[in-house]
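Could you have a look at this structure, given as structure tokens, before my questions?
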Amino acid sequence: MRAWGERELGLVHTSSYETYVDLHGRPVSWLVTACPPDSLKPESWWFPVVGRVPYLGFFDIQDAREERDSLAAKGFDVNVRPVPAYSTLGWFADPVFSTFVDWPAHLAVDTILHETTHATVWIPGSVALNESLANLVGEEGARRFLRERFGPDSAEARALDTSRAESKQFRAFMMELNSTLKSAYALDLPRIEKIALKAAILRRAKERFREIKTQFTNRYYREFDRLDWNNALVASMAVYDEKQGAWRRLFESKGGDLRGFLEAARALAKEKNPEAALGR
């Protein structure tokens, strides 16, 4: 998968995915996201190399819970979610983790290409741009890889198409909820009324989701209503999709050529304002 991504897409060569780590059923790490109770703008933290990011990562679940409790005590909506893989942006050799090695082929390919995209193109301080970019490369790259390796009508290729259709439906639902909440928070209302409105919006959204969740085969989607729905959860979903449309328009302008698209993305990353450059 890695060699194919380097050869066919122009992904950078790294020494990642040459070792294996068995996590014995545990996630690699946990991400903590926090938002004000009346806003979808997440708290952010600055780190060398990666810049400002809208979450904190922890390798120990207890550390993540302590950070969650500390942020909640300050009045934030907080979300903690498990992470199956990550990229150190080529600085270190990332291993193959047991969290994703046994996944269906389309998910494993997507993960490898997604994380290697981070090592190829990283825009400091712009996680939404980076994640949306890697999502597109992972999805489109996996589709091409599986069709070439197994055939366009193979079980592997069909599984990817089914997965993508469910993902598109789920993402559309979450982005609609994101938009509804943003509109509510933009109203000229006292803060306490906005928070009450948020509660009503989330309650209705969860009710609607329970009406459609049986359409999903993905276990994560089918059980998504069991989570605590709040601003932090919605914001953590949006970071992977809010710039997807802009990247996809650039991808389509390249005629669906992933290599050409990645070359354009690398050039954009060198711009003083990559987001504005992408818009142009």
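List the number of the failed condition for V234; all other conditions in (1) in contact with a helix residue (DSSP H, G or I) (Cβ under 6 Å, 6 or more places away or on another chain); (2) buried (at least 18 other Cβ atoms within 10 Å of the Cβ); (3) modelled with pLDDT under 95 hold.
Only one criterion in (1) in contact with a helix residue (DSSP H, G or I) (Cβ under 6 Å, 6 or more places away or on another chain); (2) buried (at least 18 other Cβ atoms within 10 Å of the Cβ); (3) modelled with pLDDT under 95 is unmet by V234, namely (3).
Between residues in region 7-26 that are closer than 12 Å to T120 by Cα and residues that are hydroxyl-bearing (S, T, Y), which pairs lie under 6 Å by C-beta distance while being six or more apart or on different chains?
L11/T116; L11/T120; V12/T120
Condition (residue is among the β-branched types (V, I, T), under 30 Å from A184 (Cα atoms) and surrounded by 15 or more Cβ atoms within 10 Å (Cβ to Cβ)) applied to region 38-52: is it met by at least one residue?
no
Okay, next question. Return yes when A165 is farther than 25 Å from D77 by Cβ and in contact with a Pro (Cβ under 7 Å, 6 or more places away or on another chain) and no when it is not.
Answer is no for this residue.
Against the definition (in a strand (DSSP E or B) and aromatic (F, W, Y)), how does W91 come out, yes or no?
It is false that W91 is in a strand (DSSP E or B) and aromatic (F, W, Y).
So for region 15-23 (the condition being modelled with pLDDT under 95, surrounded by 14 or more Cβ atoms within 10 Å (Cβ to Cβ) and either over 22 Å from the mean Cα position of the chain (by Cα) or outside any loop (DSSP other than H, G, I, E, B) (or both)), does at least one residue qualify?
no
Moving on. May I ask you to verify whether R81 is of a type in the set (K, R) and not in a helix (DSSP H, G or I)?
Yes: the conditions hold for R81.
Out of the residues in region 130-167 meeting the condition of being among the aliphatic types (A, V, I, L, M) and out of contact with any helix residue (DSSP H, G or I) (no Cβ under 6 Å at 6 or more places or on another chain), tell me which one is farthest from R219 (Cα to Cα).
The qualifying residue farthest from R219 (Cα to Cα) is A155.
Enumerate the helices (runs of 4 or more DSSP H) found wholly within region 208-265, keeping only those where 2 or more residues are more than 30 Å from D69 (Cβ to Cβ) and in contact with a Leu (Cβ under 8 Å, 6 or more places away or on another chain).
Per the criteria, 244-253.
Further question on the same structure: If I go through region 82-100 residue by residue, how many of them are at pLDDT below 90, of a type outside the set (G, A, S) and surrounded by 15 or more Cβ atoms within 10 Å (Cβ to Cβ)?
Looking only at that region, the number is 5.
While we're looking at this one, here's another question. Any idea which of H106, H24, H13 is in contact with an Asp or Glu (Cβ under 7 Å, 6 or more places away or on another chain), farther than 23 Å from V239 by Cα and not small (G, A, S)?
One residue alone meets the criteria, H13.
Let's see how each residue does on (1) at pLDDT 95 or above; (2) in contact with a helix residue (DSSP H, G or I) (Cβ under 8 Å, 6 or more places away or on another chain); (3) not polar (S, T, N, Q):
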| position | (1), (2), (3) |
| --- | --- |
| D38 | yes, yes, yes |
| E43 | yes, yes, yes |
| F47 | no, no, yes |
| G51 | no, no, yes |
| F58 | yes, yes, yes |
| I61 | yes, no, yes |
| A64 | yes, no, yes |
| R68 | yes, no, yes |
| V78 | yes, yes, yes |
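Also, quick follow-up: Within the bounds of region 212-229, is there any residue that is among the hydrophobic types (A, V, I, L, M, F, W, C), more than 30 Å from A199 (Cα to Cα) and surrounded by 18 or more Cβ atoms within 10 Å (Cβ to Cβ)?
No, the conditions are met nowhere in region 212-229.
Which count do you get for residues in region 181-200 that are surrounded by fewer than 16 Cβ atoms within 10 Å (Cβ to Cβ) and part of a helix (DSSP H, G or I)?
So the answer is 8.
Looking only at region 60-78, which residues are of a type in the set (G, A, S) and buried (at least 17 other Cβ atoms within 10 Å of the Cβ)?
Selection gives A64 alone.
Right, next: List pairs: first residue in region 117-138 and surrounded by fewer than 24 Cβ atoms within 10 Å (Cβ to Cβ), second residue in a helix (DSSP H, G or I) and aromatic (F, W, Y) anywhere in the structure, Cβ distance under 9 angstrom, at least six positions apart or on different chains.
Taking only residues 6 or more apart or on different chains, the pairs are L129/W247; S132/W247; N135/W247; L136/W247; L136/F251; L136/F261.
The values are calculated or read from the model by the stated rules, or taken from the named source; none is laboratory data. This one's a predicted model, so the numbers in the text were calculated from it and none came from an experiment. Counting neighbours? That spans all protein chains shown, and the Cβs are built from the backbone with ideal geometry, glycine included.
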